[in-house]
Amino acid sequence: MLISLNWLREYVDLPETVEELCERLTLLGLEIEKITRPGEGIDKVIIGQVLSVEPHPNADKLSVCRTDVGAGEPLQIVCGATNMKPGDKVPTALVGATLPGGFEIGRRKMRGVESAGMMCSARELGLGEDHMGLLILPEDAPIGQDIRTYLGLDDTILEIEVTPNRGDWASMIGVARELAAWFGREFRVPRAVPGEGSQPVQALTSVTIEDPEGCPRYIARVIEGVKVGPSPDWMARRLTAAGMRPINNVVDVTNYVLMETGHPLHAFDYDRLAENRIVVRRARSGEQITTLDGERRNLTPDMLVIADARCPQAVAGIMGGADSEVTENSTRILLESAVFQPSLIRRTAKNLGLVTEAAQHFQQGADWNMAEYAINRAADLILQLAGGTLAAGLWDAAPNPPAPVSVRLRHDRVASFLGVEMPVDAQRKTLELLGFTPEAQDDCSTTFRVPSWRVHDVSMETDLLEELARFYGYDRLPETLPPVRANAMVFAPYDEPQEKVRRFLADRGLTEVFNWTFSSPALVERAGLPESFAQLVRLSNPLTENHVGMRTSLIPGLLSVAERNARRGAPGLAVFELGPVFHLPAGGEVTPDTLPDEPPALAVLLGGSTPQHWNIPARNYDLYDLKGIVESLAAWLRVDLRFRPVENPWPLFVPGQAAELLLRDQVVGRAGQVSGRVIRAFDLPFDCCVAELDLRAIFDVPSDLPQFQELPAFPPSTRDLAVLVDRSLPAGDLLEAVREKGGAILRDAKIFDVYTGKQVAPDRKSVAISLVFQSPERTLTDADTQQAFDRIVKHLERKFQATLR
Amino acid sequence: MTTEITGKLNELERRGLEAVAACDDPRQLESLRVSLLGRKGELTEILRGLASLSPEERPEVGKIANRVKEALTSAIDRRKAELAELEEVRRAQQTFFDWTLPGRSLPPGRTHLIARTAREVVDVFRAMGFKVAWGPDVETEYYNFDALNTPSDHPARDSHDTFYVRPGVVLRTQTSPVQIRVMERTQPPVAIVAPGRVYRVDWDATHSPMFFQIEGLLVDRDVTFADLKGTLTHFVREYFGPKTQVRFRPHFFPFTEPSAEMDILWTAPDREGGGMKTRWLEMLGCGMVHPKVFEAVGYDYQKYSGFAFGMGVDRIAMVRHGINAIAHLYENDLRFLEQF
């Protein structure tokens, strides 16, 4: 909402500076979005009258004017515009004047003719885009007056944001009332006692409310003999400042009063209403209305309309109908001031896609009493601006006057809830200032009647406490640190372990990414995941077709990250993501009782080249890098994670280079080399490998508390063993066989080299194993180790046709 | 006889010391040692002559021989150490260590800015005694709205604002439902912070449909608005610096009463105007837990009171690091991620 300070001053005296005002409004809870000063930059521009217009002797497109500025000799001004004639009043910038944008006016010669100033277009004054000619002012504009004063440009406009609980603030009177209370200044409400004619309103119209719940109050007044025409400048200016377009004096008055009081009004052309009467009812199926914006709209029975004897003439509380619009030809008008049910207005506005100023006000709840003031104020203004005779009395159909709202305040709650001592007197006084009336009191409490403009917001003791806090000043309330007593329950068992994993992986040189958690079946398919992963928790209102549901795996997101970074020139990447994946509940249907399963997951992607270094040759990441990361993570988490190769993996993986990750025989993840199909689908210029782990499954396995093992007291003895074996023999099998025959004294066996190449037959490989023998009881002799060594070699020869190198 | 051998010994000492001093190669020094003191060396040769001496003369000559041997041995050792040192210096002069070249290490990895910021914030509250709580991203309308005193026709529930899985099930629009889940499971005192992803149907230069919030809740006997102010001011001073100025403004949220927004006075480079600019920046929303919320979870409003707050982690990260577009946070461009 836009608040003109010039207008606001009519109701309350404002503080000296705009800054002080804005700070106070902010601290009272009214957010200032923007401050504009329309006249900013304009100086020494006054109203002049063109006396003569002569052609310029040396230029076809210029003329030489003499302009009276009210003081001294008329000025000679060279002008490029053509729309002025002698007698016109125009804004005239004197020598030394400035215009918006810092433009300064000097005395100068234009094509040999002296020019002592400039006559201005609307655009030159910063008043819009019109620069086709000079801004011609009305005939009665006073010569010599500062244009800022005349056009109301000496104003400051605040754009304020009203929170939904304070609909009463969306008006001049609402803001002024609050300021008057805070500053202890007089609150000036314009008198609204219009002079009435002799004919009673009951003789001219009637109001029937068929839906008293949707419309608890409807007031009508009728004015006869009005002369519809343009509004006077002061009103047009104020409406413009408030962001509204002036239309005609009657419509403008309703808008003016809306801005002033926050209560929406409507004016009907009385003579266009069938039987000149009003019926407030639900729309009938199939009924239509053409609203003021020219749109033909279909109405439904859940919408409230203002009808005449035959058909709807307005969508209640939202917009009037074109049929009964007040026009230049209207002479009799019916004014409406009503109270509508906020939820009904909200629903209808939403269904019609028609969120008008009026609808917004009604949605926040109308002020029952203001309805009457507003219609009287409007009637008074119309009589002043458009003349006519006001029928005597109101037609006030108020079948449901609301029960008054009273709230009890226990005075000790201020200290125990707000944390500040506030004398009882001060509490009462503050609330009274804000319009709350004490109704009853005892030793420890006072019961207050809530003012009509606050009944939508204040209904409980805490609401009163909020008022006291607000008016005491949030900034003045003390600051204390409470004892923080948490109970022993655990609400996020995976939080700390997940955080450890995050730090571990970052410390290993990986970069964490954070993707949106949306996905789509197409993306799942593109990433080569099996069909079951396309069973998404679906959204009914997704943003785009790429975001139709929730992700079931982190892998597609990581592939997309690789894609994006490769496209931007990254030669390689090592990334991971932590976060939930979403699985449909058993039965497949998400309901409030069966929400999706959201286990925390981890995925790692390595792709392209390792970082460049002057001394470490760059190479491509491969599956051993990935396996190493997963292994070291498992070791660090102290879980026994195993890799089981998968013969026919998902399309995501290269066959033979994919494995399931097993923890206690349960599959808790997968790892592998990304297949060419998926590499191409993501347009990747390099190979990648990925792994994904179900962190919940891993965290849920209790890790054993390590138990101390006595340190060996006797020295170890080391032997190296190199054997030639079949090329496809897994090294792990070899190691297992070594351990099997090594006996009690074999403490460790590690592969330290695997060789294939020239010195080895093409179907063979050389595997070198370092053996560590040690006994807890004695120093081993050469004979001991040799015996074990021979036993191992013999076993390998027999089992794998190995030959010692 | 004695004088002859003594003379030879003295002569050997003189020559030997000279030769040692002149030697500048460790290997030559070693052969010198052999030729002077070795089993077949000159000293041994001279000492053969002892046999011809009388038993009275021998000890005297033996003493001299020992002195010569010690003198030569220690001279050789000294020279050896000298040469080793010289060699070290020479080698060092030949090698050039370049301090400007990067050392060998793992590539620098990092946690994501959102995760890190969230953790830092959570850790400030954990240090005060708050516990971490999680709740689901796919949430019921009851937890996300109803229990938080949000009327059924509230505009925030509109499908223009909230993602729906089906009627009654939404992507949570705030981390506040975690408050309800926690209070349903336990009795006061409660002190939790709940970090998590939240979702709103909004995607433009300043909005991301998914973003990250942290919720906080403290419920106990006699918790006051002053406690709320104190706790959050403490957080700001811990996280943004001990001198950071804080401002509380009245605001409105359905689930707190009184409600407030907290601003901090923040100085940052002014991208448009140049120089530094100081202004109030909205940091979080907070308030005293609304009695209707307590009612929803079955807490006795007369017995307990509490406060709640919620802040956007994205916003905090953006403010602290001068990030101008929220999109950067979720695009995962390594050139962005590696800056933090």
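The values are calculated or read from the model by the stated rules, or taken from the named source; none is laboratory data. Keep in mind it's a predicted model, so treat the numbers as computed, not measured. Counting neighbours? That spans all protein chains shown, and the Cβs are built from the backbone with ideal geometry, glycine included. Each accessible area value is taken on the protein alone, full model and side chains, heavy atoms only, with ligands, DNA and RNA left out. Shrake-Rupley method; radii C 1.70, N 1.55, O 1.52, S 1.80 Å.
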Surface accessible to a 1.4 Å probe, residue A:444 within the full protein complex, Å²: 70 Å²
Theoretical gain in end-to-end length, residue B:27 to residue B:281 [0.36 nm per residue, Cα-Cα removed]: 83.7 nm
Extension gain (nm, one decimal) between residue A:781 and residue A:17, 0.36 nm per residue minus Cα-Cα: 265.2 nm
Amide proton proximity set for residue A:552, modelled H, under 5 Å, gap of 5+: A:582
Amide H within-cut-off set for residue B:170, under 5 Å, with H built and near neighbours excluded: B:139, B:140, B:141, B:165
Dimensions (Å) - the stretch B:78-159, Cα atoms, principal axes, largest first: 97, 32, 16
Estimated D of the stretch A:514-662 in µm² per second, where Rh is the Kirkwood radius over Cα pairs and Stokes-Einstein applies at 4 °C, 1.567 mPa s: 75 µm²/s
Rough spin-label spacing in nm, given labels placed 7 Å along Cα→Cβ, for residue B:336 and residue A:609: 2.5 nm
Solvent accessible area, Å² - residue B:280, 1.4 Å probe, full protein context: 90 Å²
Solvent-accessible area, 1.4 Å probe, carbon plus sulfur percent, for the protein assembly as shown: 50 percent
In nm, spacing of pseudo-spin labels at residue B:64 and residue A:425 (7 Å Cα→C-beta vector): 12.3 nm
Rg ratio (alpha-carbon, reference 2.2 N^0.38 Å) - the stretch A:550-619: 1.58
Accessible heavy-atom area order of A:382, A:35, highest first, probe of 1.4 Å: A:35, A:382
Built amide H within the under 5 Å cut-off of residue A:313, gap 5+: A:306, A:307, A:308
Cα long-axis angle, helix A:623-637 against chain A (0 to 90 degrees, to the nearest 10): 80 degrees
Helix-only mean residue ellipticity at 222 nm for chain A, each DSSP H run of n ≥ 4 adding -39500 (n - 2.57), per residue, nearest 500: -7500 deg cm²/dmol
16 Å Cα-Cα reach of residue A:750 towards lysines, excluding residues that sit fewer than 8 places from it in its own chain: A:741
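Compare B:73, A:610, A:149, A:67 by solvent-accessible area with a 1.4 Å probe and give them largest first, with all protein chains kept in place.
A:149, B:73, A:610, A:67
Just the accessible area per residue of the stretch A:624-730, please: how many Å² with a 1.4 Å probe?
Per residue, the stretch A:624-730 has 57 Å² of solvent-accessible surface.
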Chain-alone versus full-assembly comparison, the stretch A:466-485, residues with accessible loss of at least 50 Å² (1.4 Å probe): A:466, A:474, A:479, A:480, A:481, A:482, A:484, A:485
Simple label model, 7 Å out from Cα along Cβ direction - residue A:589 to residue A:720, nm: 6.9 nm
log₁₀ of I(q)/I(0) at q = 0.28 Å⁻¹ - the stretch A:698-774, Debye sum with one point per alpha carbon: -1.26
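Considering just Cα atoms, how many Å³ per residue does the convex hull of the stretch B:182-340 enclose?
141 Å³
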Proximal lysines to residue A:109, defined as alpha-carbon separation beneath 25 angstrom and excluding residues fewer than eight positions away on the same chain: A:44, A:61, A:85, A:89
The stretch A:499-546-the stretch B:15-90 distance, computed between alpha-carbon centres (Å): 81 Å
Estimated vicinal HN-Hα couplings, Hz - the stretch A:39-52 in sequence order (Karplus 6.51, -1.76, 1.60; Gly, Pro = x): x, 4, x, 8, 9, 6, 10, 10, 7, x, 10, 6, 9, 8
Estimated FRET transfer efficiency when R0 is 22 angstrom, pair residue A:772-residue A:704 (beta carbons, to 0.05): 0.35
For the stretch A:796-801, 3J(HN,Hα) per residue [Karplus equation, 6.51 cos²θ - 1.76 cosθ + 1.60, θ = phi - 60°, Hz, x = Gly/Pro]: 5, 4, 6, 7, 10, 6
Relative contact order (%) - criterion: Cα under 8 Å, at least six apart; region: chain A: 8 percent
Surface/4 estimate of mean projected area, convex hull on alpha-carbon atoms of the stretch A:1-143, nm²: 10.8 nm²
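Using a 1.4 Å probe, what is the accessible area per residue for the stretch B:238-340, in Å²?
Computed with neighbouring chains in place, this is 42 Å² per residue.
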Where B meets A: accessible area buried, both sides, 1.4 Å probe, Å²: 8300 Å²
Cα-Cα separations in the stretch A:267-308 greater than 14 Å, expressed as whole percent: 54 percent
Set of lysines with alpha-carbon distance to residue A:500 below 27 Å, sequence-local pairs under 8 removed: A:627, B:131
The protein assembly as shown: antiparallel DSSP beta bridges as a percent of all, rounded to 5: 95 percent
Per residue value of the accessible surface for the stretch A:143-189 (all protein chains in place, 1.4 Å probe), Å²: 34 Å²
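Less than 13 Å Cβ to Cβ from residue B:112, Lys/Arg counted +1 and Asp/Glu -1: what total charge do the surrounding residues give?
-2
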Two-decimal Rg/Rh across the protein assembly as shown, once Rg and the Kirkwood Rh are taken from alpha-carbon atoms: 1.17
Rounded accessible area of residue A:700 (nearest 10 Å², 1.4 Å probe): 90 Å²
Sites residue A:183 and residue A:104 - FRET efficiency at Förster radius 30 Å, r taken between beta-carbons, to 0.05: 0.15
Accessible area in the full protein assembly, largest first, 1.4 Å probe, for A:380, A:665, A:252, B:123: A:665, B:123, A:380, A:252
Reduced Cα scattering model of the stretch A:287-357, Debye log10 I(q)/I(0), q = 0.12, 0.26 Å⁻¹: -0.31, -1.36
Cut-off 13 Å (backbone N to label point 7 Å along Cα→Cβ of residue A:400), residues of the stretch A:310-341: A:339-341
Vicinal HN-Hα couplings computed from phi for the stretch A:281-287 (Karplus, 6.51 cos²θ - 1.76 cosθ + 1.60; Hz; Gly/Pro x): 8, 6, 5, 8, 4, x, 5
Kirkwood-based shape ratio for chain B, expressed as Rg/Rh from alpha carbons: 1.56
Theoretical FRET efficiency, 1/(1+(r/R0)^6), r = Cβ-Cβ of residue A:329 and residue A:59, R0 35 Å, to 0.05: 0.15
Angle in degrees between helix B:57-94 and the longest Cα principal axis of chain B, rounded to the nearest 10: 40 degrees
Rel. contact order, % - alpha carbon contacts under 8 angstrom, at least six apart, the stretch B:80-178: 24 percent
